[in-house]
Amino acid sequence: MATMLEARGISKCFGGLKAVDSVDMGIEDGSIFGIIGPNGAGKTTFFNVCSGVYKPTSGSILFAGRDITGLPPESIARLGMARTFQNIKLFKYMTVLENVKIGFHIRTSTGVASAILHSRRYREDEDLAAEKGLDILTQVGLAGYKDTLASNLPYGLQRMVEIARALALDPKILLLDEPAAGMNPSETRDLSAFIKKLNARGYTIAVIEHDMKFVMGTCDRILVLNFGKKICEGSPEFVRNDAEVNEAYFGKGMRDGIAAGAGAAGGV
Amino acid sequence: MTGASEDSGRARLSKPLKIALCALGAAVLLALPAICPQSYTMGVMCRILMYVLLAGSLNVINGYSGQFNIGHAGFYCIGAYCEAILATRLGLSFWIALPLAGLAAMIVGFIVALPTLRLRGTYLAIVTLGASEIIRLVALNWEGLTGGPDGIKGIPAPMLGGFKISRSGDYYYIFLALAALFFFVTARVIGSRVGRAWLSIREDESAARSLGVETSRYKAANFMYGAFWAGIAGAAFAPYFKYISSDMFSLDEGFNILSMVIIGGQGTLVGPVVGAVIVNFLTEVLRPVSQYRLVAYAILIIVMMWVRPQGLVGASNSILAERKLGRRRRGAARAADREASCGGAK
Amino acid sequence: MDYYLSQLINGICQGSIYALMAIGFSVVFGVVGLVTFTHGEVIMIGAFAAFYAFQLVGNNLLIGIVASFAASALIGVFVYKVCYERFLDAPEYISLICTIGVSMLLKSLAQIVFGPNNKPMLDVVPNRFYGWDTVGLTLIQIIVIATVAVLSILLYLFLNRTRWGIMLRAVSQDRKAAALVGIDVKHTILAGNCIGCGLGGVAGMLLAIYYQTLVATMGGAAGMKAFAAAVLGGLSDVPCAAFGGFFLGVIENLGITFTSASFRDIFAFVFLLIVLLIKPEGFAHKKGARV
């Protein structure tokens with residue numbers, strides 16, 4: 001299987017602090033990949049390097065075989081990488097549909113001239129954004145909220161809107177940063193099912209998550225970071241039993257979580 | 001549970017009512033020179049229309065893309081001087097000089113935009129201020145081109161097929177047409193992919209970039225668009241004033257235009273119109289005590305920032321209306337956050 | 001050669017006034033955390049306060065310093081109440097526009113109260129010259145440089161050796177942490193703002209004495225120069241701002257010898273734009289200018 005997203009020796013320093021330290025990662029096309037680690041392990045920073053928000057201090061990123069190291073986020077998005085953010089970056093004063101419509105920017109091309117003249121390109125672009133936007137919302141189950149102001153939605157639904165907006169890019173890979181944060185167990189189960197459904201439709205997905213049950217039950221492969229370094233990578237089984245991983249998460253809370261996850265996942 | 005259409009806080013007029021009001025407004029505007037032909041009234045209306053263009057174009061920059069431009073007088077200056085020079089030195093017709101002047105202002109807009117693309121809000125504002133002053137000082141000192149402190153006199157009036165436009169009442173129609181054109185064009189651009197890109201930059205630039213919006217390109221284009229129309233305003237008014245000099249384009253004038261946008265409203269099409277009307281109305285009302293004019297504007301600006309930062313009829317559903325940083329999440333979400341960070345490893 | 005040397009001396013002297021203006025600005029920015037457009041008007045108020053003090057009690061320099069400092073510090077209270085107090089946690093541009101409003105207000109009121117014309121400020125300091133031929137220092141220049149030096153030393157001692165000064169520096173570095181250790185953040189910000197404004201006021205007095213004239217509209221150019229000089233230090237670093245002031249004064253004076261006097265103000269803008277284009281965060285790496 002082809003490698004969709006590959007990180008080679010990625011390091012990111014902020015002044016004296018090494019937030020990410022020589023991390024290698026390979027995400028296979030069509031898989032669901034999880035990134036876990038204690039708070040402050042550098043997961044979001046790593047995502048930020050992958051999506052172009054940060055330039056890596058050293059190392060390289062390859063996306064679908066192409067070196068994208070140092071490219072700005074808008075170029076990487078254009079190449080087919082979409083992401084959501086840890087603290088939800090929705091356009092809170094726009095409606096849900098307006099948020100999703102902006103996701104179609106890459107797939108449309110109306111410029112100032114076409115806009116002024118209401119040319120055919122303009123009309124086609126507007127139709128595309130409106131129709132496909134509504135489609136995505138319907139698939140995600142949010143069609144009823146299309147005219148609701150984004151900030152008026154409950155947190156869990158806001159996350160879904162952010163995912164819907166990311167889907168509007170028709171991406172090759174979806175990077176989700178803590179999508180289950182703030183969700184109760186039943187919502188988390190729904191999210192896991194939703195992600196698997198998306199994956200079945202062909203999207204490669206990378207997820208940062210804290211919720212062990214979720215990660216063990218959803219992901220094909222998992223990368224574990226601690227203090228910016230990779231300490232383990234493999235199937236959920238493999239990661240679950242790794243001594244260093246267990247050590248990284250102090251306290252029985254982690255072990256219970258892994259045990260519970262093993263019960264729920266029933267082998268991956 | 002919120003379901004279908006949500007009223008986003010704006011009073012929604014029904015479509016037929018809207019059309020009727022617009023038609024009425026248009027009829028009044030067109031008939032105005034016949035109803036009130038006094039040159040004083042026409043003069044005020046002409047000034048209001050000029051400021052509608054200036055404030056409107058500034059609003060496209062500040063209100064729609066969220067960039068902080070306080071040096072709009074510079075683009076206005078370029079447009080006016082360009083038309084004046086082309087008309088007096090090269091004898092070009094007004095109708096040719098007008099778009100050329102707009103183009104010149106647009107190019108200057110691009111030049112000013114370039115360095116600001118990496119700068120944050122306040123620093124961007126200072127650069128625009130500096131650029132505006134440099135433009136004015138160049139106009140003041142480049143005697144050969146701009147007449148230096150003497151300015152340019154005797155700017156020829158536009159000719160419309162043998163008919164010389166000379167009365168305020170005649171100029172009024174030109175300005176009205178330009179303002180109408182500005183609104184028509186701007187409304188179309190704002191309602192398109194381009195406008196959406198601008199709005200996304202205003203609301204959350206890093207989210208916009210992650211969605212593929214080429215923010216640098218769109219910010220520059222936005223500046224150029226605003227500069228173009230400011231140049232058009234300057235060029236259209238040069239023959240009306242008949243004489244221009246650099247002190248007409250000082251920082252004070254820039255603040256004048258800014259206050260119209262602040263008071264009237266940012267991020268909506270009507271905001272700058274309301275602002276232009278209010279500020280010019282105040283100017284006329286305060287004529288007997290004109291030294292207090294700026295005092296009045298200053299107080300209005302401060303009050304507006306205290307009470308309604310987006311302006312009287314500005315975009316209430318936008319980041320412009322935010323008065324507290326980080327009033328992002330409601331209580332429920334914040335609690336969920338806390339839960340997420342503590343309860344992850346259970 | 002002599003001419004350039006004397007222009008250099010002029011530059012250093014002028015630069016010291018700019019340094020004081022910039023120091024005041026960076027104290028304000030450091031403590032409040034917001035850029036202000038009012039510094040120019042604060043400088044102007046100080047000049048007028050000194051002017052009227054001299055008219056009332058005669059040409060006593062010390063009284064002038066006290067009057068200008070006090071008047072500008074008082075205006076600082078007004079600026080704080082209107083522009084900063086409510087907006088410490090608000091989007092930056094709101095307070096910035098408020099300061100634009102206050103600056104417009106002060107300038108217009110000044111023109112109404114003091115009249116729009118230049119007022120002469122003569123013979124505050126007797127016209128004496130120390131030097132050879134054309135190269136040397138006038139007594140005015142010596143007094144100006146001395147005043148700036150003394151005030152700078154006092155500021156340094158205040159910021160580094162007194163409890164109040166340490167509180168100010170704490171608030172300028174991390175407001176939340178300062179609050180957590182029991183510092184009254186709001187009053188410290190008020191105090192810092194007033195001190196910065198007061199220093200600006202004294203700079204205004206020095207400007208008036210040096211040019212022997214003052215006018216209600218002098219704030220605009222002065223404020224821009226204060227900002228241009230302070231930008232060099234990232235807006236909050238005091239010594240860097242002082243250096244910026246000297247540097248600006250020198251290039252301004254040398255610049256007009258090569259071009260013409262009417263270009264004087266352009267140098268500040270060009271200098272400002274160059275710094276903002278090359279290193280907008282300044283050379284002291286504190287509050288950044290980049291996105």
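Would you call residue C:148 crowded, with 19+ Cβ neighbours inside 10 Å and at pLDDT 90 or above? Yes, satisfied.
So in the range A:49-61, with the set limited to residues that are within 14 Å of another protein chain (Cβ to nearest Cβ), buried (at least 22 other Cβ atoms within 10 Å of the Cβ) and not hydroxyl-bearing (Ser, Thr, Tyr), which one is farthest from residue A:208 (Cα to Cα)?
That would be A:52.
A Cβ distance below 9 Å, combined with a sequence gap of six or more or placement on separate chains, defines the contacts here; from the range A:185-199, residues that are closer than 18 Å to residue A:30 by Cα reach residues that are surrounded by fewer than 18 Cβ atoms within 10 Å (Cβ to Cβ) and charged (D, E, K, R) in the pairs A:199/A:220. Residue pairs whose Cβ atoms lie under 6 Å apart, separated by 6 or more positions or on different chains, with the first residue in the range B:238-252 and more than 19 Å from residue B:39 (Cβ to Cβ) and the second of a type in the set (Lys, Arg), are B:246/B:136; B:249/B:136.
Please verify whether residue A:151 is more than 7 Å from every other protein chain (Cβ to nearest Cβ), within 21 Å of residue A:167 (Cα to Cα), polar (S, T, N, Q) and assigned to a helix (DSSP H, G or I), treating the condition exactly as stated.
On the way: more than 7 Å from every other protein chain (Cβ to nearest Cβ): yes; within 21 Å of residue A:167 (Cα to Cα): yes; polar (S, T, N, Q): yes; assigned to a helix (DSSP H, G or I): yes.
So residue A:151 fits the description; yes.
Among the residues making up the range C:86-118, those that are surrounded by fewer than 19 Cβ atoms within 10 Å (Cβ to Cβ), within 17 Å of residue C:220 (Cα to Cα) and either more than 7 Å from chain B (Cβ to nearest Cβ) or among the acidic types (Asp, Glu) (or both) are C:114, C:115, C:116, C:117, C:118.
In the range A:89-103, how many are more than 8 Å from chain B (Cβ to nearest Cβ) and either over 16 Å from residue B:205 (Cα atoms) or surrounded by fewer than 24 Cβ atoms within 10 Å (Cβ to Cβ) (or both)?
Count: 2.
Looking at this structure, is residue A:140 more than 10 Å from every other protein chain (Cβ to nearest Cβ), of a type in the set (A, V, I, L, M) and under 27 Å from residue A:37 (Cα atoms)? No; evaluated as a whole, the condition is false for this residue. Selection of the range A:74-93 for residues being free of Cβ contacts under 8 Å to residues at least 40 places away in the same chain and among the β-branched types (Val, Ile, Thr) yields only A:76.
Against the test of being buried (at least 19 other Cβ atoms within 10 Å of the Cβ), in a helix (DSSP H, G or I), within 11 Å of chain B (Cβ to nearest Cβ) and free of Cβ contacts under 8 Å to residues at least 24 places away in the same chain, the options A:162, A:126 yield a single qualifying residue, A:126.
In the range B:284-308, what residues are in contact (Cβ under 8 Å) with a residue 12 or more places away in the chain and among the hydroxyl-bearing types (Ser, Thr, Tyr)? Residue satisfying the conditions is B:297 alone.
Residues checked against (1) touching a strand residue (DSSP E or B) at 6+ places or on another chain (Cβ under 7 Å); (2) within 21 Å of residue B:257 (Cβ to Cβ); (3) buried (at least 16 other Cβ atoms within 10 Å of the Cβ); (4) without any contact (Cβ under 8 Å) to a residue 40 or more places away in the chain:
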| site | (1), (2), (3), (4) |
| --- | --- |
| B:144 | no, no, no, yes |
| B:153 | no, no, no, no |
| B:159 | no, no, no, no |
| B:162 | no, no, no, yes |
| B:172 | no, yes, yes, no |
| B:175 | no, yes, yes, no |
| B:202 | no, yes, yes, no |
| B:212 | no, no, yes, yes |
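Output yes when any residue across the range C:284-291 is touching a Lys or Arg at 6+ places or on another chain (Cβ under 9 Å), more than 13 Å from chain B (Cβ to nearest Cβ), among the aliphatic types (A, V, I, L, M) and surrounded by fewer than 24 Cβ atoms within 10 Å (Cβ to Cβ), and no when none is. Scanning the range C:284-291 turns up no residue that is touching a Lys or Arg at 6+ places or on another chain (Cβ under 9 Å), more than 13 Å from chain B (Cβ to nearest Cβ), among the aliphatic types (A, V, I, L, M) and surrounded by fewer than 24 Cβ atoms within 10 Å (Cβ to Cβ). In the set (1) more than 14 Å from chain C (Cβ to nearest Cβ); (2) more than 30 Å from residue B:310 (Cβ to Cβ), residue B:106 fails one condition alone, (2). The residue that is modelled with the lowest pLDDT, among those in the range B:295-327 that are part of a loop (DSSP other than H, G, I, E, B) and at the interface with another protein chain (Cβ under 7 Å from one of its Cβ atoms), is B:325.
Of the helices (runs of 4 or more DSSP H) lying entirely inside the range B:123-212, those carrying at least 1 residues that are out of contact with any helix residue (DSSP H, G or I) (no Cβ under 8 Å at 6 or more places or on another chain) and more than 14 Å from chain A (Cβ to nearest Cβ) are B:143-146, B:168-190. Taken over the range A:62-86, the criterion of being of a type outside the set (Gly, Ala, Ser), within 24 Å of residue A:209 (Cα to Cα), more than 8 Å from chain B (Cβ to nearest Cβ) and under 16 Å from the mean Cα position of the chain (by Cα) is satisfied by A:63, A:76, A:81, A:84, A:86. Just one residue in the set C:229, C:216, C:242 is touching a Leu at 6+ places or on another chain (Cβ under 7 Å) and buried (at least 20 other Cβ atoms within 10 Å of the Cβ); that residue is C:229. Cβ-Cβ contacts under 8 Å between residues 6 or more apart (or on different chains), taken from a first residue in the range C:104-131 that is of a type in the set (Asp, Glu) to a second residue that is surrounded by fewer than 19 Cβ atoms within 10 Å (Cβ to Cβ), are listed as C:123/C:59.
List the number of the failed condition for residue A:19; all other conditions in (1) in contact (Cβ under 8 Å) with a residue 60 or more places away in the chain; (2) within 17 Å of the chain's Cα centre (by Cα) hold. If we test residue A:19 against (1) in contact (Cβ under 8 Å) with a residue 60 or more places away in the chain; (2) within 17 Å of the chain's Cα centre (by Cα), just (2) comes out false.
Looking at the range A:109-118, which of its residues are crowded, with 20+ Cβ neighbours inside 10 Å and within 7 Å of chain B (Cβ to nearest Cβ)? The answer is A:110, A:115.
In the range C:147-170, the residues that are of a type in the set (Lys, Arg) form Cβ pairs under 9 Å with partners that are surrounded by 11 or more Cβ atoms within 10 Å (Cβ to Cβ) and at pLDDT below 95, at six or more places apart or across chains, as follows: C:169/C:30; C:169/C:31; C:169/C:159. Per the conditions (1) part of a helix (DSSP H, G or I); (2) at pLDDT below 90, the sole criterion not satisfied by residue C:125 is (1). Of the numbered criteria (1) assigned to a helix (DSSP H, G or I); (2) over 20 Å from the mean Cα position of the chain (by Cα), the one residue C:106 fails is (2).
Where helices (runs of 4 or more DSSP H) sit wholly within the range C:160-246, those with at least 2 residues that are within 24 Å of residue C:11 (Cβ to Cβ) and of a type outside the set (Ser, Thr, Tyr) occupy C:185-211, C:219-231. Residues in the range C:132-146 that are in contact (Cβ under 8 Å) with a residue 40 or more places away in the chain and in contact with a Gly (Cβ under 9 Å, 6 or more places away or on another chain): C:137 alone. The residues of the range C:208-266 that are charged (D, E, K, R) and free of Cβ contacts under 8 Å to residues at least 40 places away in the same chain amount to a single one, C:264.
The values are calculated or read from the model by the stated rules, or taken from the named source; none is laboratory data. Only a predicted model underlies this, so the values are computations on that prediction, with no experimental measurement involved. Glycine gets a Cβ as well: all are built from the backbone with ideal geometry, and neighbour counts include every protein chain shown.
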